[in-house]
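J.: Once you've had a glance at the structure underneath, I'll fire off some questions.
The values are calculated or read from the model by the stated rules, or taken from the named source; none is laboratory data. Owing to the predicted nature of the structure, the values given are computational and were not obtained by experimental measurement. For neighbour counting, all protein chains shown are included, and Cβ atoms are generated from backbone atoms with ideal geometry for every residue, glycine included.
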Amino acid sequence: MPTDVLDRELVHSGHVGCPGCGATIAMRFVLKALGEKTIMVLPACCWSVIAGPYPQSALKIPVLHAAFETGGATATGVRAALDMKGDTETTVLTWAGDGGTFDIGFQSLSGAVERDENFIYVCYDNEAYMNTGVQRSSSTPYGAWTTTTTGKDWKKLRKKNIVEALVAHRIPYAATASIAFPEDLLRKAQKAKNMKGSRFLHIYASCPTGWRIPSEMSIKIARMAVQTNIFPLYEVEEGLRYTINYRPKEYLVREYFRLQGRFKHLTEKDLDQIQQMVNEDWELLLRKAGEHV
């Protein structure tokens, strides 16, 4: 990775992210890759707060705050305005959480990518509505506690596979990435920057507050998610060509779940069932990549 990219810092100190915030780490890496010629569309999410209150901002790029559900539509308008001015160099970036991507913002995102609008959409995924109090989203994984899935009513449905939903639109580029694998994340962000059309990055961004983990465990948990195949690293071009970027040597999920307070209620039987789900998902991904199971 070029030194100028690694040394580039477009996030000021003094932001108001929580200690160990995976979303803040993800922002630093992505902006290193994209550079200063970037305009960010920011639907309602944790980063609406992290960046700081107007007129201050922790970001060294222009930011347009948008309504929760309008990430795709607002980016479409920003791109059209830049094109009318003859500015084809500036990257338009939508930065949204899982609530504003998987749920509230999905209609706007789907409409934009169906038109193959020329922007990058990043979802930093902390697997719940963290900014408003750790409520369940369709990104919340099977087995998780949230403030709206408590006691015996913990979530008993699978997490939505958002990358596959975007791949179904046959967009030029869709990929997963993790804050614990920075080289892979930087490469994918740079690759997206150098392409045209709709590009989508799904970044695993741990949340110590909502996941009930110590802040110093943020990167370890993110690494374990990849190493256990709970969050595989892969990319898809034109909705057809799958490339798996990391292959774990073994993927037993138990330790990953035992380290997080949001899963403390799970029994051995529950963990066996989750392990089976993870195995099924990995085998399906291998088949899509044209590899033998």
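J.: Filter the stretch 88-115 for residues that are of a type in the set (Gly, Ala, Ser), under 14 Å from the mean Cα position of the chain (by Cα) and in a helix (DSSP H, G or I); which is surrounded by the fewest Cβ atoms within 10 Å (Cβ to Cβ)?
T.: GLY99
J.: Take the residues in the stretch 280-291 that are charged (D, E, K, R) and out of contact with any strand residue (DSSP E or B) (no Cβ under 6 Å at 6 or more places or on another chain); name whichever of them is surrounded by the most Cβ atoms within 10 Å (Cβ to Cβ).
T.: Restricting to residues being charged (D, E, K, R) and out of contact with any strand residue (DSSP E or B) (no Cβ under 6 Å at 6 or more places or on another chain), the top hit is ASP281.
J.: Within the group SER206, SER218, which residue is part of a loop (DSSP other than H, G, I, E, B) and in contact (Cβ under 8 Å) with a residue 40 or more places away in the chain?
T.: SER206
Residues checked against (1) part of a helix (DSSP H, G or I); (2) without any contact (Cβ under 8 Å) to a residue 40 or more places away in the chain:
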| position | (1), (2) |
| --- | --- |
| GLY20 | no, no |
| ALA26 | yes, no |
| ALA81 | yes, yes |
| GLY86 | no, yes |
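J.: Return only the number of the condition from (1) within 30 Å of THR267 (Cβ to Cβ); (2) outside any loop (DSSP other than H, G, I, E, B); (3) touching a residue at least 12 places away in the same chain (Cβ under 8 Å) that GLU164 does not satisfy.
T.: (3)
J.: Restricted to the stretch 28-54, and to residues that are assigned to a loop (DSSP other than H, G, I, E, B) and aliphatic (A, V, I, L, M), which residue is farthest from TRP95 (Cα to Cα)?
T.: The extreme case among them is ALA51.
J.: Name every residue in the stretch 255-272 that is without any contact (Cβ under 8 Å) to a residue 12 or more places away in the chain and either polar (S, T, N, Q) or farther than 22 Å from TRP154 by Cα (or both), in order of residue number.
T.: Result: THR267, single match.
J.: Now for a separate question. Taking the stretch 185-203 as the region of interest, how many residues are farther than 12 Å from ALA26 by Cα and part of a helix (DSSP H, G or I)?
T.: Going through the stretch 185-203 one residue at a time, the tally reaches 6.
J.: Somewhere in the stretch 129-145, is a residue modelled with pLDDT of 95 or more, over 20 Å from ILE219 (Cα atoms), crowded, with 21+ Cβ neighbours inside 10 Å and basic (Lys, Arg)?
T.: yes
J.: I would also like to ask the following. What residue, of THR24, THR3, is of a type in the set (S, T, N, Q) and crowded, with 19+ Cβ neighbours inside 10 Å?
T.: When all the criteria are applied, what remains is THR24.
J.: Here's a follow-up. Take the residues in the stretch 27-54 that are of a type in the set (Gly, Ala, Ser) and more than 20 Å from PHE68 (Cβ to Cβ), then tell me which one is surrounded by the most Cβ atoms within 10 Å (Cβ to Cβ).
T.: If we take residues in the stretch 27-54 being of a type in the set (Gly, Ala, Ser) and more than 20 Å from PHE68 (Cβ to Cβ), then ALA33 is surrounded by the most Cβ atoms within 10 Å (Cβ to Cβ).
J.: Please determine, by comparing only the residues of the stretch 239-293 that are at pLDDT below 95 and hydrophobic (A, V, I, L, M, F, W, C), which one is nearest to PRO214 (Cα to Cα).
T.: Among residues in the stretch 239-293 that are at pLDDT below 95 and hydrophobic (A, V, I, L, M, F, W, C), the one nearest to PRO214 (Cα to Cα) is VAL253.
J.: Which condition does ARG223 not pass, out of (1) in a loop (DSSP other than H, G, I, E, B); (2) under 17 Å from the mean Cα position of the chain (by Cα), if it passes all the others?
T.: Unmet for ARG223, out of (1) in a loop (DSSP other than H, G, I, E, B); (2) under 17 Å from the mean Cα position of the chain (by Cα): (1).
J.: Among the residues of the stretch 116-131, which ones are touching a helix residue (DSSP H, G or I) at 6+ places or on another chain (Cβ under 9 Å) and either assigned to a strand (DSSP E or B) or farther than 15 Å from ALA23 by Cβ (or both)?
T.: The answer is GLU117, ASN118, PHE119, ILE120, TYR121, VAL122, CYS123, TYR124, ASP125, TYR129.
J.: Does any residue of the stretch 2-13 turn out to be within 17 Å of CYS123 (Cβ to Cβ) and among the aliphatic types (A, V, I, L, M)?
T.: No - not one qualifying residue is present in the stretch 2-13.
J.: Let me ask another. Among the residues of the stretch 48-64, how many are at pLDDT 95 or above and not aliphatic (A, V, I, L, M)?
T.: Going through the stretch 48-64 one residue at a time, the tally reaches 2.
J.: Any residue that is among the hydrophobic types (A, V, I, L, M, F, W, C), surrounded by 18 or more Cβ atoms within 10 Å (Cβ to Cβ) and under 30 Å from ARG115 (Cα atoms) - is there at least one of those in the stretch 256-279?
T.: no
J.: Filtering the stretch 1-18 down to residues that are outside any loop (DSSP other than H, G, I, E, B) and of a type in the set (Val, Ile, Thr), which residue is farthest from the chain's Cα centre (by Cα)?
T.: The extreme case among them is THR3.
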